[in-house]
Every structure is written in structure tokens, then in C-alpha cells.
Amino acid sequence: MSSIDAPANPIDHVFRTQLKAFVSGLEQQPVPEVQDLRAGTLAFIAAFAPEALSATSIKLLADTRARSRSWESFQTELWWRIPFLDAALFNLRRDIDDMRIVIENLSHRTRGIRTHLFAPLGLALPRLDLDQTNFVQRMAENLDIGHLGNDQGFCILLASDMPFSRKRAILEHWYSIAANDHDRERAERALSGLHVENHTIQNAYLLIALHLAECAFTSQRDALPLFSITPAEMIDRAKGHPLMQPSLCL
């Protein structure tokens, strides 16, 4: 690798090594559990330390996502393995189309796939304006049908930058159409100003942060030059994200 292509700093180095590892496991069956941590690390860095990434690293990410979308298996199963890559690219490019597939599949018929999409979506906040997407409509479809596993969607709404009055109007609508008692209770709790548990997304982010810290320790040990932000400072930034909290309220 030439000096031009060399990682600029420890964070950039972690980004490239995790992207390479993610690609190596992309089509493995069964899917290695570490894949979400690898992809999540990419999204974390893009969300909380974008200035640490070199143009080369950003291009590698974009090329990887584009190549993945061109594979025959993308339409059937590969698409739901790369939502953290979508979130990473959105944070780097602010192109709302990067999150389109994630948003449109929030009402997917398979619960495991639906719930797999909320943590990547959360990392697009607060930059992503949910009112410019179909998030509210897709959640309404889940509630109206009676799909289970909507707690994370409530947390996404509460963590967003939407105005208080807009959030309240959405919650009132969701309450009115919710087909199961659990979702009505979630909406009622939020409308009452009480906290809604956020353990699922918080735990996902904490695991990613731990994985990132372990990778960064190895990177720093390799004596790469530091950039304007250290891995520890980046994780401190992540702690300020609302979805890193155990619960949220209106």
C-alpha cells in the first residue's frame, strides 16, 4: 500500500480493517455474529468522527455498498445485512436516498428483519429528518397490522429532532390505530410524559462501542499518527446520542 493510500490515523485504520473484515464475512452462512459489530463500527465512526476518515476510506465504503447491491443475492437476503453501511454513508454524504431501503422495510413481514433495522436507523439521527422519509407511515403499518417488536420505533421517534407537537400528534395517531395492547401501552406511556425503555438499541450501541474500543486499542498500539480526535474522544461523543440512554421520554 502506498503512502497516499495509508490510513491517516488510528480511527481511519480501524475503519478500513473493519470494512475489510466485514466484506470477508458478507456471504458466509450462517452469518457470523461479529458482522453487525464490524458494520456497526463503520456507522459509529461515520456518525461520531467523520472528520477522521480519509477520502480513500469513504470511497472504499461507497464502492463496497455499490458492489453489494449489484450481487444477485442482494434482493433476497444481502440487503438486510448492510443497513449499518447505509447509515454510515448517509452520515458522510447526507443523501437521504442512502436510507431509503432501511426505511421502506421497517414494515417488513418478518419481525427479525424489521427489528434489525432500527439500530442502524438510529445512527442516522439527528441528521436524518424523519418527516422527509416514510418512517411514520411504515411504523403506522406495523401498528395497524399488529406486528410485534415496535418498541424500538417508539424510541426512534422520541430520540428524533421533531418538534414536541409533531411527536405528540404522531403518538396520538399511533395510539388510535395500534392493534395490540402492548403498543397502545407504549404510546400511552409516551404521551403521559413517562420514560419508554430503550434497552435494545442502547445494548446494540454499547456492544459496538466496546468492539470499537478494542479495535482502536490495537490500532494505537501500532503507533499510527493521531488525528484531531482520538478513539476515546469519539466514544465520548457517542455517549451524548439520545439512543445511548436506557430510556427516553417525550
ask   = R0 = 22 Å: FRET efficiency of Arg184 with Arg127, Cβ-based, nearest 0.05?
value = 0.10
Computed magnitude of the charge dipole of segment 128-171 (debye, nearest 20; Cβ of K, R +1, Cβ of D, E -1) = 140
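Treat every Asp and Glu Cβ in the chain as -1 and every Lys and Arg Cβ as +1, leave all other atoms uncharged, and give the resulting dipole magnitude about the Cα centre to the nearest 20 debye. Display every interim value, and only then the final one.
On the way: 25 positive and 30 negative charges, 33 e Å.
Charge dipole of the chain: 160 debye, to the nearest 20.
Return the Rg/Rh ratio of segment 58-194 with Cα-based radii and a Kirkwood Rh.
Numbers: Rg = 15.5 Å, Rh = 15.5 Å.
Result for segment 58-194 is an Rg/Rh of 1.00.
About its Cα centre, how strong a charge dipole does segment 1-120 have in debye, to the nearest 20, once Lys and Arg get +1 and Asp and Glu get -1 at the Cβ? Intermediate results must be reported in sequence, preceding the final value.
Values: 14 positive and 14 negative charges, 35 e Å.
Magnitude of the dipole: close to 160 debye.
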key: Euclidean distance of C-alpha centroids, segment 32-65 and segment 124-172, integer Å   = 26
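Once you have the Cα-Cα distance between Leu250 and Ile113, take 0.36 nm times their residue separation minus that, and quote the gain in nm to one decimal. Provide the component values of the computation, followed by the final result.
Working: separation 137, 0.36 × 137 = 49.32 nm, distance 2.69 nm.
The Leu250-Ile113 span can extend by a further 46.6 nm.
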note = Going residue by residue through segment 43-57, the Karplus relation 6.51 cos²θ - 1.76 cosθ + 1.60 with θ = phi - 60° gives ³J(HN,Hα) values, rounded to whole Hz and with x marking Gly or Pro, of 5, 4, 5, 5, 7, 10, 8, x, 5, 7, 8, 7, 4, 4, 5
Under the Karplus curve 6.51 cos²θ - 1.76 cosθ + 1.60, θ = phi - 60°, whole-Hz ³J(HN,Hα) for segment 245-250, x wherever Gly or Pro sits = 8, x, 7, 9, 9, 5
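Just need the Rg to Rh number for segment 138-186, please, alpha carbons only, Kirkwood Rh.
Working: Rg = 10.1 Å, Rh = 10.8 Å.
With Rg and the Kirkwood Rh in hand, the quotient comes to 0.94.
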Accessible surface, 1.4 Å probe, highest first, among residues Asp131, Asp86 = Asp131, Asp86
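Rank these residues by their accessible area, most exposed first, probe 1.4 Å: Trp71, Trp79, Trp174. Numbers along the way, then the final one.
On the way: Trp71 75, Trp79 25, Trp174 0 Å².
Putting Trp71, Trp79, Trp174 in descending order of accessible area: Trp71, Trp79, Trp174.
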request  = Find the accessible area per residue for segment 128-243; the probe is 1.4 Å, ligands and nucleic acids are left out, and the unit is Å².
outcome  = 50
request  = With all protein chains present, calculate the accessible area of Arg38 using a 1.4 Å probe and round the result to the nearest 10 Å².
outcome  = 50
Inter-probe distance in nm under a simple model that places probes 7 Å from Cα toward Cβ, at Glu27 and Phe217 = 3.5
ask   = What Kirkwood hydrodynamic radius, in Å, does segment 126-250 give when the mean of 1/r is taken over all pairs of distinct Cα atoms and then inverted?
value = 16.2
query = Given H placed on each backbone N at 1.01 Å, which residues far from Ser247 in sequence or on other chains put an amide H within less than 5 Å of it?
reply = Asn198
³J(HN,Hα), Karplus 6.51/-1.76/1.60, whole Hz, each residue of segment 102-113, x for Gly, Pro = 4, 4, 5, 9, 5, 10, 4, 5, 9, 4, x, 6
task = For Leu117, list long-range residues whose amide hydrogen, built 1.01 Å from N in the peptide plane, is under 5 Å from its own amide hydrogen.
result = none
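Working from the pairwise distances between different alpha carbons, so that the mean of 1/r is found and then inverted, what is the chain's Kirkwood radius in Å? Mind dumping the intermediate values first?
Details: mean 1/r = 0.0535 Å⁻¹.
Every distinct Cα pair counted, the radius reaches 18.7 Å.
The values are calculated or read from the model by the stated rules, or taken from the named source; none is laboratory data. Since this is a predicted model, take the numbers as computed values, not measurements. Here the Cβ is made from the backbone with ideal geometry for all residues, glycine too, and neighbour counts use every protein chain on show. Ligands, DNA and RNA are excluded from the accessible area calculation, which covers all protein heavy atoms including side chains. Shrake-Rupley method; radii C 1.70, N 1.55, O 1.52, S 1.80 Å.
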